[in-house]
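Heads up: the structure comes next, in structure tokens.
The values are calculated or read from the model by the stated rules, or taken from the named source; none is laboratory data. The shown structure was predicted, so the numbers you read here are calculated from the model rather than taken from an experiment. Positions of Cβ are backbone-derived with ideal geometry, glycine not excepted, and every protein chain shown enters the neighbour counts.
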Amino acid sequence: MKKILVTGGAGYIGSHTCIELLNSGYEVVIVDDFTNSVMEPVKRLEKLAGKKVSFHEVNLLDKEALDAVFKKEGKIDAVIHFAALKAVGESVAQPLMYYKNNISGSLALFEVMRDNDVKNVVFSSSATVYGDPEETPIKEDATVHATNPYGHTKSMMEQILMDTSHALGWGVILLRYFNPVGAHESGEIGEDPEYPNNLLPFVSQVAAGIREHVTIFGDDYDTIDGTGVRDYIHVVDLARAHVKSIERLTGFDKGTLIYNIGTGTGYSVQQMVETFRQVSGKEIKVVIGPRRPGDIAECTADATLANKELGWSAEYGLQEMIESAWKWQSKYPNGYRGAK
Ligand code: UFG
């Protein structure tokens with residue numbers, strides 16, 4: 001494997017993965033249409049890695065343009081497919097937009113891969129495909145039972161890839177991420193949501209004085225302190241799981257491999273907020289609110305399979321996740337907005 005095409009490479013997880021790929025000696029081609037991203041992280045990741053990527057501003061639904069990228073780039077050994085819409089609430093309100101963008105966009109990509117004889121893909125899936133799991137930590141063979149349109153698009157794309165792998169002899173790795181947080185250690189790239197839907201970016205903005213308080217969505221769950229428990233994973237660890245997946249696909253003939261990517265340790269909302277207070281030294285006001293519809297009590301990964309078969313395990317703990325998130329937030333309070 002030499003040349004890797006990354007869709008959504010300007011996004012949060014994509015940009016961190018591109019740095020790790022460049023650092024591991026791969027050539028990187030990015031396809032991104034800036035739906036939920038900007039060019040700035042691409043410039044910064046090139047600077048951090050001391051290497052250039054080949055960038056193409058293309059929407060996956062524009063099949064002709066996408067095909068031209070594959071033709072122009074020559075031999076692409078594998079694709080890492082991140083580009084997708086990802087807000088659960090928005091997907092409930094606008095399912096057609098989610099199905100069109102995530103499913104039709106992926107279908108166009110996979111057809112272009114087929115037409116250009118590219119047979120390896122690492123797919124950005126999510127623990128969301130497990131829905132409300134019967135037991136935690138969750139193993140990969142747990143029932144797939146997504147509970148919202150976003151989650152359905154992820155499980156449908158998994159199915160499309162499994163069928164395609166079977167029919168066309170592709171090597172496919174489905175990575176089911178738990179809750180990605182944190183930022184690059186330099187503080188130069190990180191998560192940059194305009195309005196944060198997820199816990200940690202929200203807490204960061206409260207610590208930075210941008211928002212007044214965090215609402216805790218329910219404190220009456222059956223968990224250690226009544227608040228929701230999740231398996232938070234440092235985005236750099238997650239990025240490295242993609243590099244390990246590319247290595248795993250090298251010489252792997254055909255078939256689909258599925259791995260959970262998490263630390264195996266769960267933290268409650270209260271624990272996250274408390275650690276953020278300690279790391280930042282800031283007041284973080286919390287207000288207890290009602291449960292958020294669709295939320296579950298607890299979700300943690302059994303990542304034994306990724307440890308064994310990918311040779312991957314999480315290196316960073318909670319402290320590093322929150323320190324890096326706070327470094328990025330304090331260095332760039334407005335994210336990439338206003339960057340030259
Ligand atoms: N939470 C709050 N207040 C907030 C935001 C979140 O109390 O302002 C709580 C939630 O109730 C939950 C925990 O913090 O208990 C984590 O919530 P996030 O929104 O950060 O993450 P989720 O676990 O809900 O969702 C994430 C991803 C989804 C993915 C899912 C898979 O955002 O894309 O994990 O489990 F599908």
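See the values below:
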{"quantity": "The range 317-340 - residue that is of a type in the set (S, T, N, Q) and modelled with pLDDT of 95 or more and, of those, nearest to Val236 (Cα to Cα)", "calculated": "Ser324"}
{"quantity": "Qualifying residue in the range 198-212 (condition: farther than 21 Å from Phe110 by Cα and of a type in the set (D, E, K, R))", "calculated": "yes"}
{"quantity": "Residue match in the range 225-233 (condition: aromatic (Phe, Trp, Tyr), near the ligand (Cβ under 8 Å from one of its atoms) and over 18 Å from Tyr336 (Cβ atoms))", "calculated": "no"}
{"quantity": "Residue count for the range 24-43, restricted to those that are of a type in the set (Gly, Ala, Ser) and either within 21 Å of Asn101 (Cβ to Cβ) or touching a Leu at 6+ places or on another chain (Cβ under 8 Å) (or both)", "calculated": "1"}
{"quantity": "Number of the condition not met by Asn307 [criteria: (1) in contact with a helix residue (DSSP H, G or I) (Cβ under 9 Å, 6 or more places away or on another chain); (2) assigned to a helix (DSSP H, G or I); (3) more than 16 Å from the ligand (Cβ to nearest atom)]", "calculated": "(1)"}
{"quantity": "Filter result for Val172 (over 25 Å from Asn116 (Cβ atoms) and not small (Gly, Ala, Ser))", "calculated": "no"}
{"quantity": "Total residues in the range 293-308, condition surrounded by fewer than 14 Cβ atoms within 10 Å (Cβ to Cβ) and at pLDDT 95 or above", "calculated": "1"}
{"quantity": "Single match in Ile296, Ile288, Ile284 (criterion: part of a strand (DSSP E or B) and either within 15 Å of the ligand (Cβ to nearest atom) or under 24 Å from Asp141 (Cβ atoms) (or both))", "calculated": "Ile288"}
{"quantity": "Matching residues, the range 262-272, being under 22 Å from the mean Cα position of the chain (by Cα) and either within 12 Å of the ligand (Cβ to nearest atom) or under 15 Å from Ala325 (Cβ atoms) (or both)", "calculated": "Gly262, Gly266, Tyr267, Ser268, Val269, Met272"}
{"quantity": "Residues of the range 207-242 satisfying the condition of being of a type in the set (A, V, I, L, M) and more than 17 Å from Thr263 (Cα to Cα)", "calculated": "Ala207, Ala208, Ile210, Val214, Ile216, Ile224"}
{"quantity": "Qualifying residue in the range 73-81 (condition: within 16 Å of the ligand (Cβ to nearest atom), under 21 Å from Asn198 (Cα atoms) and buried (at least 19 other Cβ atoms within 10 Å of the Cβ))", "calculated": "no"}
{"quantity": "Residue check for Trp328: away from the ligand (no atom under 15 Å from the Cβ), in a helix (DSSP H, G or I) and under 19 Å from the mean Cα position of the chain (by Cα)", "calculated": "yes"}
{"quantity": "In the range 284-295, residue farthest from the chain's Cα centre (by Cα) [restricted to those that are farther than 14 Å from Leu199 by Cα and in contact (Cβ under 8 Å) with a residue 12 or more places away in the chain]", "calculated": "Pro290"}
{"quantity": "Filter result (surrounded by fewer than 21 Cβ atoms within 10 Å (Cβ to Cβ) and part of a helix (DSSP H, G or I)) within the range 111-148", "calculated": "Glu111, Arg114, Asp115"}
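Conditions tested, residue by residue: (1) of a type in the set (Asp, Glu); (2) more than 10 Å from the ligand (Cβ to nearest atom).
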site: Glu135; (1), (2): yes, yes
site: Asp141; (1), (2): yes, yes
site: Asp163; (1), (2): yes, yes
site: Trp170; (1), (2): no, yes
site: Ile173; (1), (2): no, yes
site: Pro180; (1), (2): no, no
site: Ile189; (1), (2): no, yes
site: Leu199; (1), (2): no, no
